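Asker: Provided herewith is a single structure, encoded as structure tokens, for subsequent inquiry.
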Amino acid sequence: MIQVEWKGKRAFEATPPTGNKFMMDAYPEVGGQDLGPTPMEAFLAAGAACSGIDVMQILEKKRQKVTSYRIEVEGQQRKSETYPKPYVDIVFHHIIEGENLDPVAVEQAVKLSDEKYCTAIATLRAGPTVSSVFEIVGQGSIDGVSQALAS
């Protein structure tokens, strides 16, 4: 389980099972304080990092010597005046440098990550069922109120 806790204004701190906390915030024009990436920026970065980890593991097994690697992610959101504005197109652009890199090995590594190994990308493609529940606790509330939201 990942716990995400409000830290004031629009900032939230995430604590994953690893204990490696990170902050997310909104853009300043909507009340954020630039304390971290926006949730949607973190969302795209998570997909890139997931794929990058796979690609590096595969290239290491193929004995490819990578000296520099970055992934540029472009996400296009639905154009609309109303919310939500989900991503309708996401492109992960892998930019890899190294010594005598085999283009076939690099292509295979990216393809294997994209189609087989990267759980973040697979989750995007699967369109998982998402649900929300809420609970009101503490002073001034009715104890034990817990409710699932109707879908």
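Asker: Scan Ala105, Ala109 and give me the residue that is out of contact with any strand residue (DSSP E or B) (no Cβ under 9 Å at 6 or more places or on another chain), touching a residue at least 40 places away in the same chain (Cβ under 8 Å) and either among the hydrophobic types (A, V, I, L, M, F, W, C) or not assigned by TED's automatic domain parsing to the domain that holds Ser51 (or both).
Answerer: Going through Ala105, Ala109 in turn, the sole match is Ala105.
Asker: Then there is this: Tell me the residue from Leu59, Leu124 that is surrounded by 15 or more Cβ atoms within 10 Å (Cβ to Cβ) and either outside any strand (DSSP E or B) or out of contact with any Lys or Arg (no Cβ under 6 Å at 6 or more places or on another chain) (or both), please.
Answerer: Leu59
Asker: Is the stretch 79-89 home to any residue that is surrounded by 12 or more Cβ atoms within 10 Å (Cβ to Cβ) and assigned by TED's automatic domain parsing to the domain that holds Val110?
Answerer: Checked the stretch 79-89: at least one residue is surrounded by 12 or more Cβ atoms within 10 Å (Cβ to Cβ) and assigned by TED's automatic domain parsing to the domain that holds Val110.
Asker: Please verify whether the stretch 80-96 includes one or more residues that are part of a loop (DSSP other than H, G, I, E, B), modelled with pLDDT under 95 and more than 21 Å from Val130 (Cβ to Cβ).
Answerer: yes
Asker: Next question. With under 21 Å from Phe22 (Cβ atoms) and among the hydroxyl-bearing types (Ser, Thr, Tyr) as the only criterion, which of Thr38, Thr82, Thr67 stands out?
Answerer: After ruling out the rest, the residue left standing is Thr38.
Asker: Looking at (1) touching a residue at least 40 places away in the same chain (Cβ under 8 Å); (2) hydrophobic (A, V, I, L, M, F, W, C); (3) in contact with an Asp or Glu (Cβ under 7 Å, 6 or more places away or on another chain), which one does Ile95 not meet, given that it meets all the others?
Answerer: Answer for Ile95: the failing condition is (1).
The values are calculated or read from the model by the stated rules, or taken from the named source; none is laboratory data. Computed from a prediction, not measured in an experiment: that's the story for all the values here. Because the Cβ atoms are built from the backbone with ideal geometry, glycine has one as well, and the counts that use them run over all protein chains shown.
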